[in-house]
1. For segment 85-107, enumerate the residues that are surrounded by fewer than 16 Cβ atoms within 10 Å (Cβ to Cβ) and in a helix (DSSP H, G or I).
2. Quick one: is SER141 assigned to a loop (DSSP other than H, G, I, E, B), touching a residue at least 60 places away in the same chain (Cβ under 8 Å) and of a type in the set (Ser, Thr, Tyr)?
3. Going by what's in this entry, would GLY80 be described as out of contact with any strand residue (DSSP E or B) (no Cβ under 6 Å at 6 or more places or on another chain), free of Cβ contacts under 8 Å to residues at least 24 places away in the same chain and either open to solvent by 10 Å² or more (accessible area, probe 1.4 Å) or of a type in the set (Gly, Ala, Ser) (or both)?
4. So in segment 186-210, with the set limited to residues that are in a helix (DSSP H, G or I) and either among the hydroxyl-bearing types (Ser, Thr, Tyr) or open to solvent by 70 Å² or more (accessible area, probe 1.4 Å) (or both), which one is modelled with the lowest pLDDT?
Amino acid sequence: MKRMPVLLVTGALGLTLGLSACGSDSSSGGGSGSKAADAKIGVILPDTESSVRWETADRPALTEAFKSAGVKYDIQNAQGDATQMAKIADSMIANGVTVLAIVNLDNASGAAIQEKAKNQGIATIDYDRLTLGGSASYYVSYDNEKVGELQGEGLQNCLGKDKKANIVFLNGSPDDSNATSFSNGAHKVLDANKNYTKVAEQAVPKWDPTTATTIFEQMFTQNKGKIDGVLAANDGLGGSAVSILQKNGLAGKVPVTGQDATVQGLQDILAGTQCMTVYKSAKQEAAALADLAIGLTKGEKGKTNGSAKDTEGNREVPSVLLDPVSVTKENVKAVIDDGGQKAADVCKGFEKECAAAGIA
């Protein structure tokens, strides 16, 4: 994945976050000019299981941006069902979307949706996850290999570079191209440290925390508890590992990584049972998608700052790539200050830990 200086997203930090119900969210508010008046943006979010962010952060941020621009929009959630996502896409195409953004559930179904849209002259955007073998005109996400590098560096910092350590990898879903990038970045850092021995590695289908708990418990048993560090691809998987470590009296003694800066992840960091997470401002990513999509409805060429390699389609996809941020106990407050989470949510039951971290 090639990277260039990060695009500054105007107004990203001004978007308001809030809770929103699952399902469909649409508006018929039109913009000015013939193209804007006829334009409609469709966004299909993937689920509510892989991360809570889709409904608590992305949907409200996108809704606010589209409303502010006065553009028609339709935001729906496929609830983890590829067949349902295809039906939603068909409905959006039939109802006249001119720009369609998806967070694919797998490469094949995502590519099929994009091909249908392309045949109808609809501009397509891959949001957060690149659809390998797809035909999206643009990609909006974070530098996902960098995410993995931050996780690897975070685990190394928590373990100590010079310490002999057995580490395990709980990778994300094998049908998510981002998971591959996260893993590649983490391996780039951790494989270079000859003090570390990888004793187990497994991908977690659909990012399911329940499945991750079973997988990690099997890893723990097979290695007779001799695991010194856990590279978990996101906070949900990290929480699964923490639960097994807690059951065995090792929570806080074995460093665990994460991603998404969820409420649970930040609480685990404050409690000392998770060593770090990676913050990817959903409102900043949503702002980048909104800016790109709104520009396309006006007939503008998309402004990008890099490209991502579609290894199956053998093409470079013009991209907006944002920079992720490593979060430890020392800078949990930065996530709160940026609006990534609410202090009331994170600090519920963790008042002392929040006070120590300077979170009011």
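1. If the condition is that a residue be surrounded by fewer than 16 Cβ atoms within 10 Å (Cβ to Cβ) and in a helix (DSSP H, G or I), then LYS87, ASP90, SER91, ALA94 are the ones that fit.
2. Judged against the criteria, SER141 is not a match.
3. no
4. LYS206
The values are calculated or read from the model by the stated rules, or taken from the named source; none is laboratory data. Everything numeric in this text was worked out from a predicted model, so none of it was measured. All Cβ positions, glycine included, derive from the backbone under ideal geometry; neighbour counts span all protein chains shown. The protein model used for the area step is the full one, side chains on, heavy atoms only, and it has no ligands, DNA or RNA in it. Shrake-Rupley method; radii C 1.70, N 1.55, O 1.52, S 1.80 Å.
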